[in-house]
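Undergrad: Got a structure here, written out as structure tokens. Questions coming.
The values are calculated or read from the model by the stated rules, or taken from the named source; none is laboratory data. Please read these numbers as outputs of a predicted model, since none were measured by experiment. All Cβ positions, even for glycine, are placed from backbone atoms using ideal geometry, and neighbour counts span all protein chains on display.
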Amino acid sequence: MAKKDKDLEFGFMGEVYITPIKHIDHTDLTYWEDNPRIYNKIRRKTEESPIIQKEIQNFFFSKDVAWTRELMALIIKATRVNEPLFVQFSEETKTYVVYEGNTRLAAVRRILQDNINHKVPNDLPCRIIPPDVDQGVINAIVGQAHLKGKKDWDAFEANSYLYREFIYRKEQGATDQEIYVSLKGEFGVAQSKVKNAIKTFEFMNKYNLTETHWGVDKYSHWEEYNKLQAYQTFNFFNDIKQAESAGIKVTQKDAFDKAIIKMVKSSSGPISYRLKEDLRLIGKATETGNFQPIESILKGEKLEDAVAKVDEDRQDVIALINNFHKKIQGVPHNAIKSEIASDSKFKKKVKFIKVFLETMIDIKKAAADQVEGRGVQPFIPKDPKKTATIPQTWFLAGLLSKLPSAPKEIIQRNRVQKYFQSKVDSNELTQGKVYEISKYVYDNSKVPEDILRDIEELTD
């Protein structure tokens with residue numbers, strides 16, 4: 001072990017720690033087995049318990065870790081490791097455990113082992129963590145290096161660290177909020193990110209997903225699934241009795257979670273983004289009472305088959321009406337009346353909403369109200385030559401498509417509305433014409449021949 005070069009300070013939670021630098025031979029250094037990268041990845045690839053140092057060395061040169069070979073080239077070019085490792089002496093092994101810098105140690109050992117033409121020395125610069133420094137401070141050293149510094153951890157590694165750090169501090173007696181504040185201050189990590197890490201790892205631990213290599217590789221899927229606003233909706237179907245109350249029979253607890261896990265594990269499973277977007281749609285459908293997509297997933301069908309059972313237009317309409325209903329209840333009636341009386345454009349919008357919704361509820365009655373003055377006298381518009389409005393095109397489309405005598409293969413509501421819309425765009429459909437069509441329908445209970453012919457020609 002080489003001479004002491006200089007002392008450096010490391011600050012944490014109001015305390016200052018002296019970490020003197022020494023150059024230590026690589027044979028006196030050992031890998032940290034609880035390194036987030038090692039702890040949750042190497043243990044999936046080896047049956048050795050505890051992990052042996054050789055397994056850790058091999059891990060850094062596996063196909064999943066390309067950075068080590070890139071680092072070798074940089075070290076050879078620089079002729080040395082310039083950034084010190086953080087180490088602490090272990091009385092148990094009589095070696096220095098490398099808490100930060102394991103990849104650099106692996107790169108140097110491979111350079112020395114392969115006898116590459118180089119000038120890299122056998123020793124590495126190390127900052128010595130005092131023996132009385134506890135694991136909490138050591139974790140902070142590692143976290144600051146990777147979460148605020150190099151940021152070379154992947155999503156699984158970074159979130160694994162946050163989860164384990166949260167648990168460690170919780171065990172030390174800190175409250176959740178205290179931990180969120182401290183992690184943000186130390187590493188710049190938002191509270192929402194920590195909460196997501198906790199939820200995701202609790203899910204993975206529950207289903208032993210950290211115990212398999214493929215489970216770790218699919219981390220982004222589990223994260224997206226647990227971040228969904230609809231997760232609580234899906235969780236409803238994990239309970240056998242609750243699922244049965246919705247008319248869905250399941251044979252095991254946590255059936256929905258397990259169906260998602262099986263889907264993701266499949267070779268034809270969705271990418272994480274597709275899982276998030278499709279489940280978001282399925283969540284909306286479920287909240288409006290459409291359980292068909294849920295049943296599809298529980299039966300083991302593909303995600304695209306499940307999402308095909310979602311009627312997006314229906315979900316959007318229900319969400320719109322629910323939001324409108326919720327908001328309008330808090331508006332003072334006098335304020336609405338006052339605005340109607342003082343603003344003609346506002347009044348026109350309110351009238352459109354009224355007519356449109358009445359049409360949706362009872363088309364025949366709405367038409368009678370519009371055309372026949374609520375059963376008193378036929379309503380003739382003040383300006384018959386004025387171009388018809390968009391709401392009137394929908395009114396006519398609904399009126400014609402609901403006629404029992406209308407040929408359904410031709411008179412479809414959306415198609416008819418587009419026909420009348422084209423007439424509005426060309427200024428051919430006037431207010432007076434709307435009245436004439438409506439009056440004809442109620443006098444004859446059939447679609448006017450010229451309109452039927454025009455629409456039929458459009459479909460040919």
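Undergrad: Restricting the search to the range 75-106, which residues are out of contact with any strand residue (DSSP E or B) (no Cβ under 8 Å at 6 or more places or on another chain) and β-branched (Val, Ile, Thr)?
TA: Listed by number, the residues that qualify are Ile75, Ile76, Thr79, Thr103.
Yes/no matrix, rows are residues, columns are (1) at pLDDT 95 or above; (2) closer than 23 Å to Asn159 by Cα:
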| position | (1), (2) |
| --- | --- |
| Asn208 | no, yes |
| Thr212 | no, yes |
| Tyr231 | no, yes |
| Phe256 | yes, no |
| Asp278 | no, no |
| Lys284 | no, no |
| Asn290 | no, no |
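Undergrad: Here is a list: Phe166, Phe203. Which entry is at pLDDT 90 or above, within 23 Å of Phe86 (Cβ to Cβ) and within 23 Å of the chain's Cα centre (by Cα)?
TA: Working: Phe203 fails: within 23 Å of Phe86 (Cβ to Cβ).
When all the criteria are applied, what remains is Phe166.
Undergrad: To continue, here is another question. Would you mind stating whether Ser49 is over 20 Å from Pro125 (Cα atoms), at pLDDT 75 or above and of a type in the set (Ser, Thr, Tyr)? Please lay out each step first, then the result.
TA: Numbers: over 20 Å from Pro125 (Cα atoms): yes; at pLDDT 75 or above: no; of a type in the set (Ser, Thr, Tyr): yes.
No.
Undergrad: Search the range 411-447 for residues being assigned to a helix (DSSP H, G or I) and among the aliphatic types (A, V, I, L, M), and hand back the single one that is nearest to Leu458 (Cα to Cα). Break it down stepwise before answering.
TA: First, the residues of the range 411-447 that are assigned to a helix (DSSP H, G or I): 413-425, 431-444.
Now restrict to residues that are among the aliphatic types (A, V, I, L, M): 416, 424, 434, 437, 441.
Working: Val416: 10, Val424: 16, Val434: 20, Ile437: 19, Val441: 21 Å.
Looking at residues that are assigned to a helix (DSSP H, G or I) and among the aliphatic types (A, V, I, L, M), I get Val416.
Undergrad: Which of the residues spanning the range 317-337 are touching an Asp or Glu at 6+ places or on another chain (Cβ under 9 Å) and of a type in the set (Val, Ile, Thr)? Reasoning before the result, please.
TA: Within the range 317-337, the first condition is being touching an Asp or Glu at 6+ places or on another chain (Cβ under 9 Å), and the residues that meet it are 318-319.
Listed by number, the list holds a single entry, Ile318.
Undergrad: Out of all the residues in the range 99-125, which are surrounded by fewer than 16 Cβ atoms within 10 Å (Cβ to Cβ) and either of a type in the set (S, T, N, Q) or outside the structural domain of Phe60 (by TED's automatic domain parsing) (or both)?
TA: Residues satisfying the conditions are Gln113, Asn115, Asn117, Asn122.
Undergrad: Considering only residues that are more than 13 Å from Leu298 (Cβ to Cβ) and of a type outside the set (Lys, Arg), which ones fall in the range 243-265?
TA: Those that are more than 13 Å from Leu298 (Cβ to Cβ) and of a type outside the set (Lys, Arg): Ser245, Val264.
Undergrad: Please identify the pairs in which a residue from the range 74-98 that is in the same structural domain as Asp34 (by TED's automatic domain parsing) and over 18 Å from Ile21 (Cβ atoms) has its Cβ atom under 6 Å from the Cβ atom of a residue that is assigned to a strand (DSSP E or B) and of a type in the set (Lys, Arg), counting only partners at least 6 apart or on another chain.
TA: none
Undergrad: Could I ask something else about it? Can you tell me how many residues within the range 253-293 are part of a helix (DSSP H, G or I), aromatic (Phe, Trp, Tyr) and touching a Gly at 6+ places or on another chain (Cβ under 8 Å)?
TA: From the range 253-293, those part of a helix (DSSP H, G or I) are 255-265, 272-287, 292-293; that's our starting set.
Cutting the leftovers down to aromatic (Phe, Trp, Tyr) gives us 256, 273.
If we keep only those that are touching a Gly at 6+ places or on another chain (Cβ under 8 Å) as well, we get none.
Of the residues in that region, 0 qualify.
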